[in-house]
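Here is the structure we will look at, set down as structure tokens.
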Amino acid sequence: MENIRKGSQEGVDAFFGDVTNQDVLVKLGAEQAGELVLLVNDPGAAEQAVRVARRLAPDLHIVVRTHYLLDIEPILTAGADEVVPSEREAAVEVTSLVLNRHQIATQQIADLRLRIREQTEEDS
């Protein structure tokens, strides 16, 4: 609730509600939106929100952040266009930091980052 209060004080449209609820998504304007970005900690809620949003707006581009690689497939199946697992991104960043510290070439690090992402996508 603090984020809602702070956003409202700063003149930002801020709402509190259950993103899995169709009425909430309608109030947020999902039907007219070009993109929906979900940063929900509950993978089941993220899945449900994607399903509801996809029914409301079939052409809506939906990006979801989840914590674990295991959550990717169910959320994609629910209708998300992209799913970013923080578990993978943390591994990518830690690897990059260690390699940078050991002065590995920037291009080698970029290539490894890409390989980690591709490998984890294949494994999920």
Next item on the list: Determine the order of Ile4, Ile109 by accessible area, beginning with the largest, at a probe radius of 1.4 Å.
Entry: Ile4, Ile109
Margin query: Bins of 5 Å, beginning at zero and ending with the bin holding the largest distance: percent of Cα pairs per bin for region 10-62, please.
Written below: 4, 21, 32, 26, 12, 3, 1
Item checked: Fully extended contour minus Cα-Cα distance, from Arg55 to Glu31, at 0.36 nm per residue -> 7.7 nm
Note to self: Nearest 500 deg cm²/dmol is fine: what mean residue ellipticity at 222 nm does the chain get from its DSSP H runs of n ≥ 4 alone, each adding -39,500 (n - 2.57), divided by its residue count?
What the structure shows: -17500 deg cm²/dmol
Margin query: I'd like the accessible area for Thr66: 1.4 Å probe, protein heavy atoms, all chains in place, Å² to the nearest 10.
Written below: 10
Check: Quick one: Cα centre-to-centre distance for region 27-52 and region 53-70, in angstrom?
Finding: 6
Margin query: At 7 Å along Cα-to-Cβ for each site, give me the label-to-label distance between Thr77 and Gln107 in nm.
Written below: 4.2
Next item on the list: Could you grab the relative contact order for region 1-70? Cα pairs under 8 Å, six or more apart, rounded to a whole percent.
Entry: 31
Next item on the list: Sort Ser8, Ser96 from largest to smallest accessible area, using a 1.4 Å probe on the heavy atoms of the protein chains.
Entry: Ser8, Ser96
Notebook entry, point to check: At a probe size of 1.4 Å, how large is the accessible area of Arg54, to the nearest 10 Å²?
Noted result: 50
Notebook entry, point to check: Angle between the Cα long axis of helix 106-123 and the longest principal axis of the chain, 0 to 90 degrees, nearest 10?
Noted result: 60
Note to self: I need the calculated FRET efficiency for the pair Asp18 and Ala90, taking r as the beta carbon distance and R₀ as 35 Å, to the nearest 0.05.
What the structure shows: 0.80
Checklist line | Acute angle (nearest 10 degrees) that the helix 43-56 long axis makes with the longest principal axis of the chain, alpha-carbon atoms | finding: 60
Next item on the list: Round to the nearest 10 and give me the degree value, 0 to 90, for the angle of helix 86-101's Cα axis relative to the longest principal axis of the chain.
Entry: 30
Next item on the list: Give me the compactness ratio for the chain, meaning the Cα radius of gyration over 2.2 N^0.38 Å.
Entry: 1.28
Item checked: Residue among Ala53, Asn41, Ala110 farthest towards the positive dipole end of the chain, charges placed on Cβ -> Ala110
Notebook entry, point to check: Under unit Cβ charges (Lys, Arg +1; Asp, Glu -1), what dipole magnitude, rounded to 20 debye, does region 3-124 have relative to its Cα centre?
Noted result: 340
Item checked: About the Cα centre, charge dipole magnitude for region 49-91 (Lys/Arg +1, Asp/Glu -1 at Cβ), debye -> 200
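The values are calculated or read from the model by the stated rules, or taken from the named source; none is laboratory data. The model shown is predicted, which means the values in this text are computed figures rather than measured ones. No Cβ is skipped: glycine too gets one built from the backbone with ideal geometry, and neighbour counts run over all protein chains shown. Keep in mind that these areas ignore ligands, DNA and RNA; they rest on the heavy atoms of the full protein, side chains included. Shrake-Rupley method; radii C 1.70, N 1.55, O 1.52, S 1.80 Å.
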